[in-house]
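What follows draws every value from the coordinates through simple rules; no lab data is involved. Since the model is a prediction, treat every value here as computed from it, not as a measurement. Here the Cβ positions follow ideal geometry from the backbone for every residue, glycine too, while neighbour counts run over all protein chains shown.
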Amino acid sequence: MRIEFLDAPQSPAPRFIAQLAASDAMPAGLEAVLVEGARAARFTGKAGQIHEGFVERGSQLVRVALAGVGEANGAAKDAGRSGSLERAGAALAARYLASGETALTVDLAGSGLTGADCAALLLGLRLRCWRHDAYRTKLPEDQKVTLASVHVVNAPAGSQAEWAREAALAEGVEFTRELVTEPGNVIYPESFVARCEARLAGKGLELRVLGEDAMRTLGMGALMGVSQGSPRPPRLLAIVWNGGEPGAKPMAFVGKGVTFDSGGISLKPPAGMEDMKWDMGGAGAVAGAMLALAGRKARANVIGICGLVENMPDGSAQRPGDVVTSMSGQTIEIINTDAEGRLVLCDALTWVQKEFAPSAIVDLATLTGAMIAALGNEYAGVFANDEGLAETLIAAGKTSGDKLWRFPLGAPYDKLIDSPIADMKNAGPRNGGAITAAQFLLRFIAKGTPWAHLDIAGMVWADKAGATWEKGATGYGVRLIDRYVRDNCEN
Ligand code: BES
Ligand code: MN
Ligand code: ZN
């Protein structure tokens, strides 16, 4: 999707135009036939509503799509003004992406938008356009994407600079969706790294990759235990962005990157196991967010860590009952080889603390089914050892639309993962499973380091289309990280 701002009138004059309509306020000068048609169709200008018709302008018949943006100055309930504008842009994309139209002119004359509003509209439009059709060789003609370019005319002052920032964010979200959507035979630890190397090249990011030898030397027995049942070797990827004060402590984001989670010897049941290709959604979000931050040259020092393994059962796979030693020195009894995410994360967390001494750490992980049972697909869970970090993350969730809901931590939960043979076990009782998973991670965080764990199991993949995504990979986490960094790490 190409999005361009045009200063001069287009020639030939466009034959497909979108105009915005606020709640019960049609664009000034709109043809009576459209005004009347919209009224008859009960179009009220609600955010996300579309009404279209054909009118004669000059000597030309023009297709006009009216896109509702909600109350003119108002705050729609969830994400406010920018949320309504995003919805309007997304509605245009959803309706016309495969409509046969190849170019759309968005005319913002008299819209009363700010530059930031315009960027929000375009962000919604672009995000809703993303699809992954590479493996669909028999897609019927009328389902193929046709819309290739969007021309913005009469844009408010400042739109282009605002859009440059949001376009970088869109790129990040799209990269995450791509990584998440690709199947496990295409994206595995090595190829995840290779895609990052290709996609993040030339952006001013530094990439560091640890392979098995380095991991063994560092004593990452927990992470390596997960990967030992797979022929695909593990990787730990660090993506470094130094856009802030030289030498200032970085903010760290750590993602669970289980490129396929079969459960291992504690094999998952077959129904729905294909979903476990997106068990790398945390790592995917971290990689996409780093791309977004670099793309918009964020004035902050940020580290992104992706812990990459495949969890498979075979003769060399780890067993329930095995005891492994983590990089921290703490020992872990493996109760369930399907509780593998925490084993990957614990070594990644230890490493990031030793290697980078970050000012704070946020991990993102599709960690537990219990999280989905608790929150469904509306909020990710946040667990934190620091009130301020929890609050700022929740606030970033509200503004970005990647919503978070806080869950408790505490000694009575921690006790539940004590082991009779080792320092801890990797799985507690069924009840409270998302919390005991978080307690496990907390045991690897040094005292005094602010840390938050985001269990995003319910958010990475959508069974039905949302406002700004088609069904499938949502890109959850990228906007949250970007917003958190914008509001808390940049000045
Ligand atoms: N990747 C899964 C969690 C998951 C399940 C994410 C469904 C998204 C959708 C994780 O590795 C897992 O298997 N967790 C177990 C932990 C249990 C064995 C303690 C779970 O939640 O059942
Ligand atoms: Mn698992
Ligand atoms: Zn998993």
Which loop trypsin sites (Lys or Arg not before Pro) in the stretch 412-463, with loop taken from DSSP, have no more than 15 other Cβ atoms within 10 angstrom of their Cβ? 430, 447
Would you mind putting 396-402, 432-438, 301-307 in packing order, based on average other-beta-carbon counts within 10 Å, highest first? 301-307, 432-438, 396-402
Round to the nearest 10 and give me the degree value, 0 to 90, for the angle of helix 80-96's Cα axis relative to the longest principal axis of the chain. 80 degrees
In whole Å, how far is the Cα centre of the stretch 175-252 from that of the stretch 428-458? 22 Å
If you rank 151, 51, 132 by fewest surrounding Cβ atoms within 10 Å, what's the result? 132, 151, 51
Find, among the GluC sites (Glu not before Pro) in the stretch 325-421, those assigned to loop by DSSP (not H, G, I, E, B) with at most 10 other beta-carbon atoms within 10 angstrom. 378
If each residue of separation counts as 0.36 nm, what is the full-extension length gain between residue 248 and residue 471 once their alpha-carbon separation is subtracted? 76.3 nm
Assign one of three labels to the chain, namely rounded, prolate or oblate, based on the Cα gyration tensor with a ≥ b ≥ c the square roots of its eigenvalues; rounded applies when a/c is under 1.5, prolate when it is not and a/b is larger than b/c, and oblate otherwise. prolate
Fewest-first ranking of 224, 26, using other Cβ atoms within 10 Å as the exposure measure: 26, 224
Using the alpha-carbon centroid of each, what span in Å lies between the stretch 74-151 and the stretch 273-307? 24 Å
Amide H within-cut-off set for residue 5, under 5 Å, with H built and near neighbours excluded: 152
With an 8 Å Cα cut-off and a minimum separation of 6 or more residues, compute the relative contact order for the chain in percent. 14 percent
Roughly what % of DSSP beta bridges within the chain run antiparallel, to the nearest 5? 40 percent
Angle in degrees between helix 387-400 and the longest Cα principal axis of the chain, rounded to the nearest 10: 30 degrees
Long-range amide H partners of residue 301 with built H, under 5 Å: 243, 244, 245, 251
In degrees, nearest 10, range 0 to 90: what is the angle between the Cα axis of helix 341-356 and the longest Cα principal axis of the chain? 90 degrees
Using θ = phi - 60° and Karplus 6.51 cos²θ - 1.76 cosθ + 1.60, couplings along the stretch 203-212 (whole Hz; Gly, Pro as x): 9, x, 8, 9, 10, 10, 10, 9, x, 4
